[in-house]
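One structure below.
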Amino acid sequence: MKKPGEASSPEEQALERLILAIPEWQGQPVTYERLVPPVVSPVHRAVDGDCWIVSAGADQRKAFVKILHTDFLPYSSGAVAHKAAENAARLGLTPEPRHFLPEHNAYISDLLDSSWRTGRMDDFGNALITANVVKAKKMFHATPRLGKPWSVFDGIKRFEADLAAASIVPEGDIWWMLENVATIKAALDAAGIDVKPAHADGLSSNIMINGSNEVQLVDFDQACDTDPYYDLGVFLNEAFQFDDGKQLALEIFDGHYHETSMHRCKLYGIADDLMWGLWGVLLDATSPRTGLEYLKYAQWRLLRCRMAILDPHFEIMLRKL
């Protein structure tokens with residue numbers, strides 16, 4: 001634990017500047033420590049920002065602080081993320097957000113106690129945990145619109161443009177994946193979509209779980225107004241390799257299983273893999289944080305995208321939406 005004035009790195013100095021900007025922390029004993037180090041692969045966690053625990057006051061009440069990295073700022077809408085967290089907190093779906101400080105590119109929220117832990121992929125073999133995640137996402141879909149319409153295809157287009165602007169030409173068969181994902185977009189556009197507020201984050205590390213198998217959604221940086229089946233689809237793509245687990249989740253989400261919903265979720269998973277693969281290729285070439293394995297992460301997401309497109313059922317899914 002450190003106290004203000006003991007910073008020994010640029011990241012700690014940025015945190016200490018933020019501490020000085022919080023009125024209720026002034027004149028109080030304050031300590032801080034890093035919550036988790038950033039890692040991209042094999043676990044994707046704390047990549048978009050430095051995550052800290054700040055303890056303040058006589059009782060050393062703990063807060064969670066995240067300061068976004070500059071290489072992530074173009075892809076985050078801080079005000080929308082904070083609004084989404086406020087809406088989710090009213091339903092008890094996430095810790096209470098306390099501050100959004102745009103001048104520091106930072107969020108502050110309550111910190112869950114030690115009975116909570118970060119979700120892992122194998123947790124979703126527990127049907128109760130999966131059911132609670134699906135129910136939480138569905139509850140959030142019923143909250144007010146966030147004012148940020150977005151689709152995964154917008155994300156792909158953005159990363160394509162940023163790769164071109166950086167004079168980066170992705171190698172291999174990415175062109176082929178882009179062509180196939182364009183057919184997914186056309187099929188979904190033809191079938192029609194609904195648009196609702198969404199967490200829009202499939203990472204298991206952004207789902208917190210306690211000993212009673214209750215869940216909390218955290219990290220709303222990707223929150224937007226989008227097709228709720230994208231929100232569900234990216235979670236299922238992360239959580240389940242096989243369709244039986246996905247089918248159970250869809251039964252909870254829709255009330256009963258629809259093959260067309262399964263196809264929609266799986267197609268969104270393919271597009272999401274391509275988007276994050278492009279992100280990894282871009283950040284591998286442009287990020288100043290060269291110690292993070294962006295390319296390894298990109299290769300994994302692109303491999304899964306490629307394998308799904310080559311699946312004989314890919315064309316069937318396109319036709320049955």
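The values are calculated or read from the model by the stated rules, or taken from the named source; none is laboratory data. Computed from a predicted structure; not experimentally measured. Don't worry about glycine lacking a Cβ; one is built from the backbone with ideal geometry, like all the others, and counts go over all protein chains shown. In case anyone asks, the SASA skips ligands and DNA or RNA and just uses the protein heavy atoms, side chains included. Shrake-Rupley method; radii C 1.70, N 1.55, O 1.52, S 1.80 Å.
Provide the per-residue ³J(HN,Hα) series for the range 264-277, in order, calculated from phi with Karplus coefficients 6.51, -1.76, 1.60 and θ = phi - 60°, each as a whole number of Hz, with x at glycine and proline positions.
Listing the rounded values in order: 4, 4, 5, 5, 5, x, 4, 5, 5, 4, 5, 4, 6, x Hz.
Measure out, as a whole number of angstrom, how far apart the alpha-carbon centroids of the range 169-199 and the range 11-40 sit.
The range 169-199 and the range 11-40 have Cα centres spaced 40 Å from each other.
Using the Karplus curve 6.51 cos²θ - 1.76 cosθ + 1.60 with θ = phi - 60°, work out ³J(HN,Hα) for each residue of the range 88-104 in order, rounded to whole Hz, and write x for Gly and Pro.
Taking θ as phi minus 60°, the curve returns 5, 5, 4, 9, x, 9, 7, x, 5, x, 10, 8, 10, 10, x, 5, 10 Hz for the range 88-104.
Once phi is turned into ³J(HN,Hα) by the Karplus curve 6.51 cos²θ - 1.76 cosθ + 1.60 with θ = phi - 60°, what whole-Hz value does each residue of the range 178-194 show in order, with x for glycine and proline?
Going residue by residue, I get 4, 4, 5, 5, 4, 5, 5, 4, 4, 5, 5, 4, 5, 6, x, 9, 9 Hz, with x marking Gly and Pro.
State in Å² the accessible area per residue of the range 15-57; use a 1.4 Å probe, count heavy atoms of protein chains only, and round to the nearest integer.
About 42 Å² of surface per residue is accessible.
Run the numbers for ARG34 and ARG289: contour at 0.36 nm per residue of separation, minus the present Cα-Cα distance, in nm.
Gain on stretching ARG34 to ARG289: 90.1 nm.
Run the numbers on the range 40-154 and let me know its relative contact order in percent, using alpha-carbon pairs under 8 Å that are six or more apart.
22 percent.
Would you mind calculating the relative contact order of the chain from Cα pairs under 8 angstrom and at least 6 residues apart, reporting the percent as a whole number?
18 percent
Mind checking which of ASP189, ASP154, ASP221 has the largest fluctuation in a GNM of the chain, springs on alpha carbons under 10 Å?
So, out of ASP189, ASP154, ASP221, the one fluctuating most is ASP189.
Using Cα centres only, tell me the gap between the range 214-267 and the range 79-150 in whole Å.
Measuring centre to centre over Cα atoms gives 16 Å.
Dipole of the range 92-191, Cα-centred, from +1 at each Lys and Arg C-beta and -1 at each Asp and Glu C-beta, to the nearest 20 debye?
Computed about the Cα centre, the dipole is about 480 debye.
TRP25 accessible area, nearest 10 Å², 1.4 Å probe?
Ignoring ligands and nucleic acids, TRP25 comes out at about 30 Å².
How long is the gain from LEU128 to HIS258 if the chain were fully straight, where each residue apart is worth 0.36 nm and the alpha carbon distance is subtracted?
Contour length minus the Cα-Cα distance gives 44.7 nm.
For GLU293, what accessible surface area do you get with a 1.4 Å probe? Give it in Å², rounded to 10.
90 Å²
Run the numbers for ARG61 and LYS2: contour at 0.36 nm per residue of separation, minus the present Cα-Cα distance, in nm.
Extra length available between ARG61 and LYS2 comes to 19.7 nm.
Note down the Stokes-Einstein diffusion coefficient of the range 175-321 in µm²/s, whole number, using a Kirkwood radius over alpha carbon pairs, 25 °C, and 0.890 mPa s.
The estimated diffusion coefficient comes to 151 µm²/s.
Would you kindly find the accessible area of LYS62, with a 1.4 Å probe and non-protein molecules such as ligands, DNA and RNA excluded, rounding to the nearest 10 Å²?
Roll a 1.4 Å probe over it and LYS62 shows about 100 Å².
When only C-alpha pairs under 8 Å and at least 6 residues apart count, what is the relative contact order of the range 1-87, in percent?
Computed over the range 1-87, the figure is 21 percent.
Calculate what fraction, in whole %, of the accessible area of the chain sits on carbon and sulfur atoms when a 1.4 Å probe is rolled over the protein chains.
Percent of accessible area from carbon and sulfur atoms in the chain: 54.
Place a label point 7 angstrom from the Cα of ARG98 along the Cα-to-Cβ direction, then list the residues of the range 35-64 whose backbone nitrogen is under 14 Å away.
Within reach of a label on ARG98, which here means backbone N under 14 Å from a point 7 Å along Cα→Cβ, the range 35-64 contributes 52-64.
Rank these residues by their accessible area, most exposed first, probe 1.4 Å: THR183, THR290.
The ranking, largest first, comes out as THR290, THR183.
With no solvent and one equal point scatterer per Cα, compute the Debye intensity ratio I(q)/I(0) for the range 14-104 at 0.15, 0.18 Å⁻¹ and report its log10, rounded to two decimals.
Cα-only, vacuum Debye calculation for the range 14-104: -0.66, -0.95.
I'd like to compare 198-207, 10-19: which one has the highest average count of other Cβ atoms within 10 Å, and what's the full order after that?
Put in order of decreasing packing, that is 198-207, 10-19.
Springs between alpha-carbon pairs under 10 angstrom, Gaussian network model over the chain: which of ARG145, ARG98, ARG289 fluctuates most?
Sorting by GNM fluctuation, first place goes to ARG289.
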